[in-house]
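Any read-out appearing in this document is the output of simple, stated calculations on the displayed coordinates, not a laboratory observation. As the structure is a prediction and not an experimental result, all values here were calculated from the model. When we count neighbours, we look across all protein chains shown, and the Cβ atoms used for this are built from the backbone with ideal geometry, even at glycine.
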Amino acid sequence: MRLLLTVLAVVVLELAGSAPVFTQSPDVNELRRRVAIHARRFVSELSNLAFEEEYDQRFTLSKRRRQLKSDFLLVAYPGRNDVVMVFRDVREVDGKPVRDKQERITKLFLQPFDSAVRRARDIQRDGLRHSVDNGRMMDPLTVIGYLQPEYQAGFRFTVGELVPSMGADVREIDLAPTPARGKTAKPARAWVSETTGEVFKTELREGFGGRALVTTTTFGVDPVLKIRVPVQMRDEVPRGNDEFIGTATYSSFRRFEVKAESVVTVPDPSSSR
């Protein structure tokens, strides 16, 4: 079963109140609970949010390189604040605008909203055609999906060490897929506040040692919206001696409106600067 956050992240709208102050480290079950509450709030706060993604793709030895600029949208399903669809709408490739961008937006949001999942998959696949050959385009929120309460049962959690360089109460946790999830989910790590459950960094890993494919996402608080958001994603993929490295940065976070007739009005990113 493919993790649904890639195209359809199902979360329960349950906002936590003010976080209590804890005087000692929690056990693994309590830490899982706090992280689950944060993951629910995190995805809920990202609902109907748009931001810019600048994705630099390159290989370490060859001259192959691609620079992509996209609008990254997290769209609440009409009438549902607890269901979020993820869209990456590539609008520039190596500094040149994508010619069919407006046609794609029209198809997704102006025609009848009969199959949200299929439409999300279509736009994900469409974006992949712009990727550099033998590269890939990753999702910065995959591990956040693992941390949602609906998916936590598919992983064995191990509590690691405190990481004072990231924060006084930031602790590493390791997530190992259970046998039932092992064919679809990947091992992961997250660095979280053991007090509030907030996520500071995530890592997705496929393979072992120096041949492992590693995707790392860091998170921070947006100064305008005052919510935690993805800041940077780094993807490292060994390809023989010519390693692929993808680096995505995120900015210009802004809310958008989904009107009753399924028209999405997204503010110009320049207006938020």
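Using only alpha carbon positions, build the gyration tensor of segment 139-237, then give the equivalent ellipsoid semi-axes as the square roots of 5 times its eigenvalues, largest first, whole angstrom.
Computed over segment 139-237, the values are 22, 16, 14 Å.
Run the paramagnetic zone check for ASP169: 7 angstrom along Cα to Cβ, then residues of segment 36-58 with backbone nitrogen under 11 Å.
none
Along segment 196-202, what does the Karplus equation 6.51 cos²θ - 1.76 cosθ + 1.60 (θ = phi - 60°) give for ³J(HN,Hα), rounded to whole Hz, x for Gly and Pro?
Taking θ as phi minus 60°, the curve returns 10, x, 4, 9, 9, 7, 10 Hz for segment 196-202.
Kindly write out, for segment 143-151 in residue order, the coupling ³J(HN,Hα) from the Karplus curve 6.51 cos²θ - 1.76 cosθ + 1.60 (θ = phi - 60°), rounded to whole Hz, with x marking Gly and Pro.
Result, ordered by residue: 5, 4, x, 4, 7, 5, x, 5, 10 Hz.
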